Amino acid sequence: MTDAHLMKKAASRRGFLAGGLAAGASAAVATAARADDPAITSVQPWAQQLGDGVDARPYGYPSEFEKHVVRKNVPWLTADPVSSVNFTPLHELDGIITPNGLCFERHHSGVAELDPGQYRLMINGLVDRPLVFTLEDLKRFPRVNHIYFLECAANSGMEWRGAQLNGCQFTHGMIHNVMYTGVKLGDILAEAGVKSSGKWLLPEGADASAMTRSVPMEKALGDCLIAFKMNGEALRPEQGYPVRLVVPGWEGNMWVKWLRRIEVGDQPWHHREETSKYTDLLPNGKARRFTWEMDVKSVITNPSPQAPISHGPGPAVLTGVAWSGRGTVPRVDVTIDGGKNWVPSRIDGPSLSKSMHRFYYEFNWTGEPLLLQSRAHCSTGTVQPTKDELREVRGENSIYHNNGIQTWFVNEKGVAENVEIS
Ligand code: MTE
Ligand code: CO
């Protein structure tokens with residue numbers, strides 16, 4: 001029996017009561033002011049001496065007390081770090097923007113370190129004028145700013161057959177959400193002049209993996225960007241410095257990093273990343289291919305296995321993130337009793353198409369065990385399925401495109417674990 005099955009059993013064996021849990025905080029959260037609290041009455045070290053000057057941190061970094069907030073990999077998934085993945089610490093973040101240094105990394109041949117002076121982007125194939133752009137050339141086109149999530153198709157892939165990894169960083173952390181500055185791919189293509197027979201693009205990376213994917217022209221001329229900034233500063237090397245392709249709402253694998261060439265063709269190329277990889281094997285032996293859009297999905301980030309409830313009964317805040325590759329997320333329902341009662345959460349912050357949304361649910365924790373779930377609704381009308389619903393259609397052989405509902409079990413001590421309930 002696998003660990004996942006054990007956990008599944010454990011969850012269904014545990015009877016739990018969630019009656020009496022109601023939304024809305026009631027008890028006080030702060031303690032009464034005391035005259036003998038040294039944290040208040042004594043002069044703390046940071047007030048006894050001068051702090052660092054303005055020359056100490058030419059490029060800022062987080063407080064030393066935040067050292068644990070880092071990307072992490074899963075050792076058994078990482079046979080070789082140059083062809084692996086690390087995960088965004090979603091449980092440590094709030095709002096909707098992922099800080100640049102915490103964006104998960106996925107690369108097939110390590111991080112290419114490109115010299116921007118030597119950077120070239122070539123457009124060739126079915127075009128009137130094959131062209132080469134330098135980085136400066138690209139920056140002379142009209143610039144646009146957009147916030148988009150990037151989710152690897154394999155996000156939550158290890159959870160297809162049952163609850164496995166203990167923490168939303170590992171189950172859902174192959175996602176980041178940043179503001180990109182770049183130019184429209186359509187403008188660059190127009191400069192080269194796409195021939196009427198040109199229906200597909202093959203973007204190619206400059207790294208040793210020379211990543212390629214077939215992108216339909218309609219998407220390319222729609223909302224694709226050639227980006228050189230993330231959250232206002234240059235792309236990080238891990239994210240494709242100096243230039244990456246942005247394919248909003250579509251699987252991360254198409255967002256070619258270190259973009260060096262775009263070939264225009266009249267049909268898809270059926271390369272490795274769209275045949276042997278990034279396809280979903282169905283129970284009937286056929287494979288789903290070109291599954292581009294990332295479907296509506298959400299996860300509760302707090303409480304979660306890496307972020308237990310650290311206080312006793314009383315007012316508690318549940319929060320999480322939701323996104324859809326097809327539109328906005330106008331609604332996220334949450335349940336704290338394993339689906340007996342669903343209530344709408346409160347979405348706060350910008351609600352942008354193909355971007356992460358932040359939701360909150362404030363409730364009064366009685367101290368009883370909880371089974372937490374969230375269920376996101378896309379503006380196009382689709383709703384996040386349960387994992388069982390997903391398996392019914394897709395079977396258990398998939399790795400990619402798992403947007404099933406995640407469950408966290410929280411015990412009386414506030415400790416959380418990854419479980420499944422059916
Ligand atoms: N582009 C190149 N050139 N090389 C790569 O290995 N990995 C792809 C994609 N683009 C990859 C690439 C995959 S599988 C994903 S999920 C995203 O980049 C990851 O982007 P990130 O590293 O910014 O998170
Ligand atoms: Co990927």
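The values are calculated or read from the model by the stated rules, or taken from the named source; none is laboratory data. Owing to the predicted nature of the structure, the values given are computational and were not obtained by experimental measurement. Backbone-built Cβ (ideal geometry, glycine too); neighbour counts: all protein chains shown. Surface accessibility is based on the protein's heavy atoms, side chains included, excluding ligands, DNA and RNA. Shrake-Rupley method; radii C 1.70, N 1.55, O 1.52, S 1.80 Å.
Observations, loosely collected:
- Mean sequence separation of contacting Cα pairs (under 8 Å, at least six apart), scaled by the length of the chain, corresponds to a relative contact order of 19 percent.
- Remark: the stretch 292-308, residue by residue, has Karplus-estimated 3J(HN,Hα) of 7, 5, 8, 6, 4, 7, 8, 8, 7, 9, 8, x, 6, x, 8, 9, x Hz, where x stands for each Gly or Pro and the curve is 6.51 cos²θ - 1.76 cosθ + 1.60 at θ = phi - 60°.
- Using a Gaussian network model of the chain in which every pair of alpha carbons under 10 angstrom is joined by a spring, one finds that among Phe409, Phe149, Phe65 the greatest mean-square fluctuation is at Phe65.
- Segment Glu218-Val82, extension gain: residue separation times 0.36 nm, minus the distance between their alpha carbons: 45.6 nm
- Under the simplified labelling scheme, the Ala56-Arg34 pair shows an inter-label distance of 3.1 nm, with each label point 7 Å from Cα along Cα→Cβ.
- In the full protein context, the chain carries 46 Å² of accessible surface per residue, based on a 1.4 Å probe and ignoring ligands, DNA and RNA.
- Per-residue [θ]222 nm for the chain (sum of -39500 (n - 2.57) over DSSP H runs n ≥ 4, rounded to 500): -3000 deg cm²/dmol
- Of Asn402, Asn302, Asn231, the one that fluctuates the most in a GNM where the chain has Cα springs shorter than 10 Å: Asn231
- Protein heavy-atom surface of the chain, 1.4 angstrom probe: 53% of the accessible area is carbon and sulfur, with nucleic acids and ligands not counted.
- Modelled this way, with points 7 Å down the Cα-to-C-beta line, the labels at Asn411 and Lys67 are 3.0 nm from one another.
- Between Phe149 and Gly249, Ser355, Met356, the built amide H atoms are under 5 Å apart, and every one of these is 5 or more places off in sequence or on another chain.
- Taking 0.36 nm per residue of separation and subtracting the Cα-Cα distance, full extension of the segment from Trp46 to Leu131 would add 24.8 nm.
- Values of log10 I(q)/I(0), in the order q = 0.09, 0.17, 0.19, 0.21 Å⁻¹, for the stretch 284-422 under a Debye, Cα-only, solvent-free model: -0.28, -0.92, -1.09, -1.26
- Global dimensions of the chain from alpha-carbon coordinates: Rg and Dmax equal 23.5, 80 Å.
- Semi-axes of the equivalent ellipsoid for the stretch 100-288, computed as √(5λ) from the eigenvalues of its C-alpha gyration tensor and ordered from largest down, come to 28, 21, 14 Å.
- Sorting the segments 305-317, 195-207 by their mean number of nearby beta carbons within 10 angstrom, highest to lowest, gives 195-207, 305-317.
- Selected from Gln118, Gln239, Gln49 as most flexible by GNM, with the chain as the system and alpha-carbon contacts under 10 Å: Gln49
- The chain, dipole about Cα centre (Lys/Arg Cβ +1, Asp/Glu Cβ -1), debye to the nearest 20: 860
- From phi via Karplus (6.51, -1.76, 1.60), per-residue ³J(HN,Hα) for the stretch 370-386 in Hz, x at Gly/Pro: 10, 10, 9, 9, 10, 9, 8, 10, 8, 4, 7, x, 7, 10, 4, x, 6
- Proximity of backbone amide H atoms, modeled 1.01 Å from N, is registered between Ala163 and Glu420 at under 5 Å, excluding neighbours fewer than 5 places apart on the same chain.
- Computing FRET efficiency as 1/(1 + (r/R0)^6) for Val317 and Glu233, where r is the C-beta to C-beta distance and R0 is 45 Å, gives about 0.90.
- Nonlocal amide H pairs with Thr301, under 5 Å, H built at 1.01 Å: Thr319, Gly320, Val321
- Residues listed by number, the stretch 226-258, amide nitrogen under 18 Å from Asn145 label point at 7 Å toward C-beta: 226-236
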